[in-house]
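Asker: First the structure, which I've put down as structure tokens, then a few questions once you've had a look.
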Amino acid sequence: MSFKKICKMPTKEEIFDLLPLDDKLKNIKNKNDIEIKNILCSKSNKMLVIIGPCSADSEKSVCEYLEMLYKINEQVKEKLFIVPRVYSSKPRTTGDGYKGMIHQPNINNEPTMKGGIIAIRSLDIKIIKDYGFAIADELLYTSTYPFIEDLLSYVAIGARSVENQQHRLIASGIECAVGMKNPMSGDISVMLNAINTAQKSHNFIYEGYEVDTTGNPFAHSILRGGVDLNGNNFPNYHYESLLDVANIYDKSDLLNKAIIIDTNHSNSGKLFYKQPSIVADVLNSICKNNDLKNIIKGFMIESYIQEGSDPTGKTYGKSITDPCISIETTKKLLFNLAEKI
């Protein structure tokens, strides 16, 4: 039991100097931030769609996917605001498997965290420059987040992290919108407590400094289903579940009450191909109830070039981690969603 030091990590300032975000790209990023916040606080009627592979695996395949997504976006952007998932690190339930580009920028080579940070920052900058997209990532590691914090327009706190105090406190100082998933248990109160914490100001240690935060009024909920004591998945996107959350929200003092529906994970029972039908089900619920229409602001969808997954990473454009719907299915789903809202 010991730690073996591999290499000294660069500082955030050194990485920013190596791969700076110029003023033109900062303006694009800031406009995307505002667009997302306007959706969450009902100043915009667009639907937010956070979509992309379960985990980013290579610049080439991610950019090929985004090239296809960009063409779709051009046809639906009046109704939808598409935010690509460029998830740099992935939690692994058993500790095994691919942990994301920030660990292993080349799946055929040994892990290198320094190389991963450079690779993912380079990819994020390229996406903003070439496509003008906003970027979503998961805040998994509090130690690596600062290296890309200036590039992200949407941050998700995952089901395994949402109960962690440090994640909640950092969320209170993040400048962009932050989505809090319900925990693996499905306990909605845990998620709402996390949102409440993130929306308040705090004093704590971050990046070697004692800091004060202002609170993040755009912290909101992501419903992803849960897992019972026997390991069975159960959804929370159905009409009755959404009403329950909406009622609890209504009685709370939380700001910008908004819900994003995660269409995969426990909501789909790990059956990725159910994602389009889940979107359709939620749209039916919105049509039945105006309160739900006002509070449900979008979807989180796992999608890549090819459907399914290949943990070996040998199939180009296919997810290494959780299985995804294909770009063809994605196109149909997004066109249908844009038509019905």
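The values are calculated or read from the model by the stated rules, or taken from the named source; none is laboratory data. Computed from a prediction, not measured in an experiment: that's the story for all the values here. Note that each Cβ is placed from the backbone with ideal geometry, even for glycine, and that neighbours are counted across all protein chains shown.
Asker: Hey, among the residues in the stretch 174-205 that are in a strand (DSSP E or B) and β-branched (V, I, T), which one's surrounded by the most Cβ atoms within 10 Å (Cβ to Cβ)?
Answerer: The extreme case among them is V178.
Asker: Considering each residue of the stretch 152-167, count those that are in a loop (DSSP other than H, G, I, E, B) and within 22 Å of K31 (Cα to Cα), and give that number.
Answerer: Selection size over the stretch 152-167: 2.
Asker: Now for a separate question. With E64, E14 as the choices, which residue is of a type outside the set (K, R), over 16 Å from I128 (Cβ atoms), without any contact (Cβ under 8 Å) to a residue 60 or more places away in the chain and not in a loop (DSSP other than H, G, I, E, B)?
Answerer: Exactly one residue qualifies, and that residue is E14.
Asker: In addition: It is to be established whether one or more residues within the stretch 70-85 are in contact with a Ser or Thr (Cβ under 8 Å, 6 or more places away or on another chain), free of Cβ contacts under 8 Å to residues at least 24 places away in the same chain and not aromatic (F, W, Y). I'd like the intermediate steps shown before the answer.
Answerer: Step one: list which residues in the stretch 70-85 are in contact with a Ser or Thr (Cβ under 8 Å, 6 or more places away or on another chain), which gives 72, 81, 83.
Retained after the next criterion (residues that are free of Cβ contacts under 8 Å to residues at least 24 places away in the same chain): none.
Scanning the stretch 70-85 turns up no residue that is in contact with a Ser or Thr (Cβ under 8 Å, 6 or more places away or on another chain), free of Cβ contacts under 8 Å to residues at least 24 places away in the same chain and not aromatic (F, W, Y).
Asker: Taking the stretch 95-120 on its own, how many of its residues are surrounded by fewer than 22 Cβ atoms within 10 Å (Cβ to Cβ) and not in a loop (DSSP other than H, G, I, E, B)?
Answerer: Within the stretch 95-120, residues that are surrounded by fewer than 22 Cβ atoms within 10 Å (Cβ to Cβ) and not in a loop (DSSP other than H, G, I, E, B) number 5.
Asker: Just a yes or no: is a residue in the stretch 75-94 in a helix (DSSP H, G or I), modelled with pLDDT of 95 or more and not aromatic (F, W, Y)?
Answerer: yes
Asker: Which one of K274, K293, K288 is under 22 Å from K318 (Cβ atoms), basic (K, R) and over 18 Å from the mean Cα position of the chain (by Cα)? Let's see the steps before the verdict.
Answerer: On the way: K293 fails: under 22 Å from K318 (Cβ atoms); K288 fails: under 22 Å from K318 (Cβ atoms).
Answer to the check: K274.
Asker: When you scan the stretch 137-144, do you find a residue that is among the β-branched types (V, I, T) and part of a loop (DSSP other than H, G, I, E, B), even just one?
Answerer: So far as the stretch 137-144 goes, yes, one or more of its residues are among the β-branched types (V, I, T) and part of a loop (DSSP other than H, G, I, E, B).
Asker: Follow-up question, since we're still on this one. Hey, can you tell me all the residues within the stretch 27-48 that are free of Cβ contacts under 8 Å to residues at least 12 places away in the same chain and within 15 Å of F133 (Cα to Cα)?
Answerer: Once the filter is applied, which keeps residues that are free of Cβ contacts under 8 Å to residues at least 12 places away in the same chain and within 15 Å of F133 (Cα to Cα), the stretch 27-48 yields N27, N30, K31, I34.
Asker: I50 versus (1) under 18 Å from the mean Cα position of the chain (by Cα); (2) of a type outside the set (F, W, Y); (3) modelled with pLDDT of 95 or more; (4) surrounded by fewer than 22 Cβ atoms within 10 Å (Cβ to Cβ): which is the lone unmet condition?
Answerer: Condition (4) is where I50 drops out.
Asker: If you don't mind, there's one more thing I want to ask. Only one of these conditions is not met by E210: (1) in a helix (DSSP H, G or I); (2) surrounded by fewer than 14 Cβ atoms within 10 Å (Cβ to Cβ). Which number is it?
Answerer: The failed condition is (1).
Asker: A further question follows. Regarding L242, is this residue buried (at least 19 other Cβ atoms within 10 Å of the Cβ), closer than 30 Å to A338 by Cα and under 19 Å from the mean Cα position of the chain (by Cα)? Lay out the reasoning, then the answer.
Answerer: Working: buried (at least 19 other Cβ atoms within 10 Å of the Cβ): yes; closer than 30 Å to A338 by Cα: yes; under 19 Å from the mean Cα position of the chain (by Cα): no.
Criteria not met by L242.
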